[in-house]
Every structure is written in structure tokens, then in C-alpha cells.
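Since the structure comes first, as C-alpha cells, the remarks are kept for the end.
The values are calculated or read from the model by the stated rules, or taken from the named source; none is laboratory data. As the structure is a computational prediction, the values presented were derived from the model and not from experiment. Ideal geometry is used to build each Cβ from the backbone, glycine not excepted, and the neighbour counts take in all protein chains shown.
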Amino acid sequence: MKIVIFGGSGLIGGALAKNLSATHEVQCLNRSAFKSIDTLSLSLKDSDLVIQLSGSTIAKRWTKSHLKEVWQSRVDTTQMLSKAISMMTPKPRVMCASGVSFYPESDCSNPHTESGVRGEGYLAELSVAWESAAKTISEDTIILRFGVVLSRSGGAFMKLYWPYFFGLGGPIASGDQCFSWIHIKDLVRAVNFILNNPQAKGVYNITAPEPIPQKVLGKALASALKRPFLVPLWEWQLKLLFGSGSQILTESISVIPKKILEEGFIFDYPDIKSAMDDLT
């Protein structure tokens, strides 16, 4: 199978490319492939599966120019992808990334499933627009709503790891906000599971089955590293650092992967302790 991955140099794309290249022909492309429809169409030639992960990082201070880049790198590229695929015969299967920020805020005792309603605010609007663009490709487009990915290769986990390693870990804001997460190894296995199901389509929540409060995550990491959990990072400090972008650390979104569980997927790291034991 020929698989084209847009965003193949990122955390998720890199892990998927490494895994899938063992059994498939994998081509990783960046946003330069979206210079024109002709360039994009050429890059898609003879592909059997397209995985759209393209998108600039959200985890930095939000400015108007940065938010515009975030939107264009996700929504505009996916709209272009839809146009290019519409001219192809036969057409490849398509998987497109999204995020759990699609959902409204909720606590850990009230998790959302794939049938949950959309939330409000910039991140929810971004997710809705991204998914809407993906759905114009095909009614069978697979939407992957990722939780926060835990990996030693980068991302949120490594931003936490070193402060905790030096004994500076503690709750972020109240620490009560719900944290929907997934171990990178389970993410890769989940995508393979979906890929190998020819009937798969629609939305999948790609999160561990046990969302947890942020302070539970922090305590698990501190415990695994045998470090204290004492130094808080208050909400006002986050706003100084990230401006309105601090909401990515303080929003509370509880999500469970109902659909993939019902289809028979078994997580290797279903709880935060097993994940931390592996990552540390």
C-alpha cells in the first residue's frame, strides 16, 4: 500500500511513518506540497491512503498572525487536499487529524464520546472547520480526534519531564482540569487498527480510556521520577507566558474512545501509571 503522510516530520507523523514504513510504501510531505493544486496532485499520484496531519503548533503565545497560520495550515490545506483528490480516479482512503478541543469543557466524571456536541471558542471552531473540510473529501473520511500525546520524542510530555526531573513539578492552575491523553505507542497501534478495518469511517476519539485531572497526571509523573509534587504554576503566570493561548493548559475536556473500544481495540497503556512507568 502506498501511504502519503502530510505532516510526517511532526511527533505523530514521525511515529506513524516509522511504524508504517515497515510494511508499506510511505511518503512524508510537508506544507510545501500545498504550493499549488498541480504540485499537490502530483504528490498524491498512485496513493492508496492519505493521512492529513499538517498543522503548525498551537502550543505557543497566540498572536493574530500565529492564529492565522494555525488556521491556514490545517483548514486551508485540507480544502486544497479535497480539491486535488476530487480529480483523482481511483480515490485514496483519507484519515484527517482533529482534536478533542472539538468538545465542550467537561469534568472527568462526564466524558464525551464521538457523538458529543461541539464546544465554543477558537479551538472548537478550528476543529469544526478542519473536520468540515475533511468531510468534503468523502463521506467515508476518517476523522481522528487526538488527545494530548505522551511521548519521549517531544510534545507535551517532554515539556513537563525536565521541570519534574529537577523537582519543580506541581499542579497547573487548579490542577482539577480534566486531561484526555494517549501514549504514542497506543496512538500508533490505534491508527493501524483503524487502517486495517476496511469498513472504518467517521469520527474516532484517539485517547486513553481513562481521562484524569491534571494533578493526577502530575503526581503520577512525579512518583515515577521519585520527585516531589509541590511547585504550582498559577493561571496568571500562564497568561503572562502564553496570553489567551494559556487555555490549552487550563481547559477541561473529558473524552473516552467509545467507538474503537466497541470495535475491539485493546490499549497497552489504558491508565496513567502504566504510561508513566513506560515513559520514565
How many residues of segment 172-200 are in contact with a helix residue (DSSP H, G or I) (Cβ under 9 Å, 6 or more places away or on another chain), surrounded by fewer than 22 Cβ atoms within 10 Å (Cβ to Cβ) and assigned to a loop (DSSP other than H, G, I, E, B)? The answer is 6
G169: part of a loop (DSSP other than H, G, I, E, B), at pLDDT below 95 and buried (at least 17 other Cβ atoms within 10 Å of the Cβ), yes or no? yes
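So that you can scan it fast, the table gives a plain yes or no per residue for (1) closer than 23 Å to A124 by Cα; (2) in contact with a strand residue (DSSP E or B) (Cβ under 7 Å, 6 or more places away or on another chain); (3) of a type in the set (A, V, I, L, M):
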| site | (1), (2), (3) |
| --- | --- |
| N30 | no, no, no |
| S36 | no, no, no |
| L40 | no, no, yes |
| D48 | no, yes, no |
| L53 | yes, yes, yes |
| R61 | yes, no, no |
| L67 | yes, no, yes |
| W71 | yes, no, no |
| R74 | yes, no, no |
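Here's the yes/no breakdown for (1) of a type in the set (G, A, S); (2) touching a Pro at 6+ places or on another chain (Cβ under 7 Å); (3) at pLDDT below 90:
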| site | (1), (2), (3) |
| --- | --- |
| Q199 | no, no, no |
| I206 | no, yes, no |
| E210 | no, yes, no |
| A222 | yes, yes, no |
| W236 | no, no, yes |
Selection over segment 238-280 where residues are at pLDDT 95 or above and over 22 Å from P163 (Cβ atoms) yields a count of 20
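Taking into account only those residues within segment 201-238 that are closer than 19 Å to L168 by Cα and β-branched (V, I, T), which is surrounded by the most Cβ atoms within 10 Å (Cβ to Cβ)?
Ranking the candidates gives V216 first.
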Looking at (1) surrounded by 16 or more Cβ atoms within 10 Å (Cβ to Cβ); (2) touching a Lys or Arg at 6+ places or on another chain (Cβ under 9 Å), which one does D140 not meet, given that it meets all the others? (1)
In segment 125-137, what residues are more than 19 Å from L195 (Cα to Cα) and surrounded by fewer than 21 Cβ atoms within 10 Å (Cβ to Cβ)? E125, V128, A129, S132, T136
Looking for whichever is modelled with pLDDT under 95, within 18 Å of P163 (Cα to Cα) and in a loop (DSSP other than H, G, I, E, B) here; the options are L230, L217. Which one fits? L230
Looking at this structure, is I85 surrounded by 15 or more Cβ atoms within 10 Å (Cβ to Cβ) and touching a Gly at 6+ places or on another chain (Cβ under 9 Å)? no
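Can you name every residue in segment 126-141 that is in contact with a helix residue (DSSP H, G or I) (Cβ under 6 Å, 6 or more places away or on another chain) and not small (G, A, S)?
W130, T136, I137, T141
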